[in-house]
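The values are calculated or read from the model by the stated rules, or taken from the named source; none is laboratory data. Computed from a predicted structure; not experimentally measured. Neighbour counts are summed over all protein chains in view; Cβ atoms, including those assigned to glycine, are modelled from backbone coordinates with ideal geometry. Only protein heavy atoms, including side chains, enter the accessible area calculation; ligands, DNA and RNA are left aside. Shrake-Rupley method; radii C 1.70, N 1.55, O 1.52, S 1.80 Å.
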Amino acid sequence: MRQELLSLPKTLAEDVAQNLVMVARLIDEDPEQAYAYSRIALRLASRVAAVREAAGFAAYATQKYSEALAEFRAARRMTGHVELWPVMADCERGMGRPERALEMAGAPEVQKLDKASQVEMRLVAAGARRDLGQLDAAIVTLQSPELASNSVQPWTPRLRYAYADALLAAGREDEAREWFAKALESDKDGTTDASDRLAEMDGVDFVDALNEEQGEADLVDESDSLPDDEDDDDDEDEDEDEDEDDDRAEVDVDVRDTDDLDADADADDFDEPEAEVDADKGPVDKA
């Protein structure tokens with residue numbers, strides 16, 4: 001790739017290189033963002049094969065298979081290399097054309113592939129057979145010297161896993177369990193979920209540790225909040241008691257005021273007979 005970028009002006013080559021680095025860094029964890037960077041690189045240097053190839057893988061990672069296939073074909077025309085043949089065939093599968101993928105699996109280009117790419121092509125062909133509902137044919141396709149070998153190669157875990165998955169789909173559970181175990185044994189980097197598949201077959205459920213810890217934290221938070229709620233309730237009860245005391249005090253005052261008014265009224269009634277009558281001026285209150 002470096003040699004290809006040397007054909008560009010220095011500043012442009014640096015910009016393209018930065019975008020390609022971001023594509024490689026993000027393609028597994030954030031495919032959409034990687035795809036965005038690939039489009040920038042493609043806009044800057046569409047005549048560089050490495051750029052077309054990176055754009056193809058970014059589109060493939062986001063399941064834009066038609067676009068990916070177009071980029072892979074462009075890269076292949078520029079370089080004349082055949083290492084992209086398996087992923088091009090898998091794009092045909094992604095576009096709903098498994099028959100075309102099988103045709104590519106039998107093409108002369110496959111003989112030019114290295115061992116790893118030939119195994120990859122075998123995986124794609126088996127997948128195409130399964131797409132067509134040909135489970136037995138898929139199983140036979142995966143049976144190969146590479147599968148039977150006891151030596152562990154980079155492709156070994158995926159090949160054994162695909163074989164186990166095909167056996168399970170065909171209802172051959174005992175054999176599937178055996179090959180999932182072999183896949184797990186060879187999968188030191190955790191590239192497959194063979195352990196989960198084995199546990200699933202054995203009826204074992206795994207509890208997510210993070211979710212469990214979060215649940216415990218939530219319970220602690222709830223328990224911490226209980227005393228505050230009780231204090232609030234106590235405060236409310238005290239306020240209600242104080243209000244009741246105030247109400248009782250007001251009632252007592254009202255009662256006393258009413259008694260005073262009644263007493264005054266009685267006094268007035270008692271004093272009325274003492275009023276004298278002036279013949280000229282009428283009644284006069286002695287008070």
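Considering only the range 128-189, give the helices (runs of 4 or more DSSP H) lying wholly within it that have at least 2 residues that are surrounded by 14 or more Cβ atoms within 10 Å (Cβ to Cβ) and within 31 Å of the chain's Cα centre (by Cα). Steps first, please.
Values: elements: 135-142, 145-148, 156-169, 173-186.
Where helices (runs of 4 or more DSSP H) fall fully within the range 128-189 and carry at least 2 residues being surrounded by 14 or more Cβ atoms within 10 Å (Cβ to Cβ) and within 31 Å of the chain's Cα centre (by Cα), they are 156-169, 173-186.
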Original post:
Name the pairs whose Cβ atoms lie under 6 Å apart, with the first residue in the range 131-160 and within 24 Å of Gly94 (Cβ to Cβ), the second open to solvent by 50 Å² or more (accessible area, probe 1.4 Å) and assigned to a loop (DSSP other than H, G, I, E, B), and 6 or more positions between them or separate chains?
Top reply: Pro157/Thr191
Subject >> Which numbered condition Met121 misses (of (1) under 29 Å from Ala166 (Cα atoms); (2) open to solvent by 20 Å² or more (accessible area, probe 1.4 Å)) >> reply: (2)
**OP:** Search the range 89-115 for residues that are free of Cβ contacts under 8 Å to residues at least 12 places away in the same chain and pair each with any residue that is open to solvent by less than 40 Å² (accessible area, probe 1.4 Å) when their beta-carbon atoms are under 6 Å apart and the residues are at least 6 apart or on different chains.
**Re:** Arg100/Glu92
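State yes or no: is Tyr37 surrounded by 16 or more Cβ atoms within 10 Å (Cβ to Cβ), within 25 Å of Ala116 (Cβ to Cβ) and of a type in the set (Phe, Trp, Tyr)? Write out each step before concluding.
Working: surrounded by 16 or more Cβ atoms within 10 Å (Cβ to Cβ): yes; within 25 Å of Ala116 (Cβ to Cβ): no; of a type in the set (Phe, Trp, Tyr): yes.
It is false that Tyr37 is surrounded by 16 or more Cβ atoms within 10 Å (Cβ to Cβ), within 25 Å of Ala116 (Cβ to Cβ) and of a type in the set (Phe, Trp, Tyr).
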Original post:
Any residue at all in the range 81-92 that is touching a Lys or Arg at 6+ places or on another chain (Cβ under 6 Å) and farther than 21 Å from Asp28 by Cα?
Top reply: yes
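I'd like the full set of residues that are outside any helix (DSSP H, G or I), open to solvent by less than 50 Å² (accessible area, probe 1.4 Å) and closer than 18 Å to Glu4 by Cα, limited to the range 47-77.
The initial filter retains those residues of the range 47-77 that are outside any helix (DSSP H, G or I), namely 47-48, 62-64.
This time we only want the ones that are open to solvent by less than 50 Å² (accessible area, probe 1.4 Å), so: 48, 62.
Scanning the range 47-77 gives a single hit, Val48.
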Original post:
Which of the residues spanning the range 85-115 are open to solvent by less than 30 Å² (accessible area, probe 1.4 Å), in a helix (DSSP H, G or I) and over 20 Å from Tyr60 (Cα atoms)?
Top reply: Val110
**OP:** State which residue pairs qualify: first residue in a helix (DSSP H, G or I) and inside the range 1-15, second residue at pLDDT 90 or above and open to solvent by 60 Å² or more (accessible area, probe 1.4 Å) in any location, beta carbons under 8 Å apart, and separation of 6 or more residues or different chains.
**Re:** Leu12/Leu44; Asp15/Leu44
Subject >> Those residues of the range 29-54 which are in contact (Cβ under 8 Å) with a residue 24 or more places away in the chain and either over 24 Å from Leu8 (Cα atoms) or under 25 Å from the mean Cα position of the chain (by Cα) (or both), in sequence order >> reply: Pro31, Glu32, Ala34, Tyr35
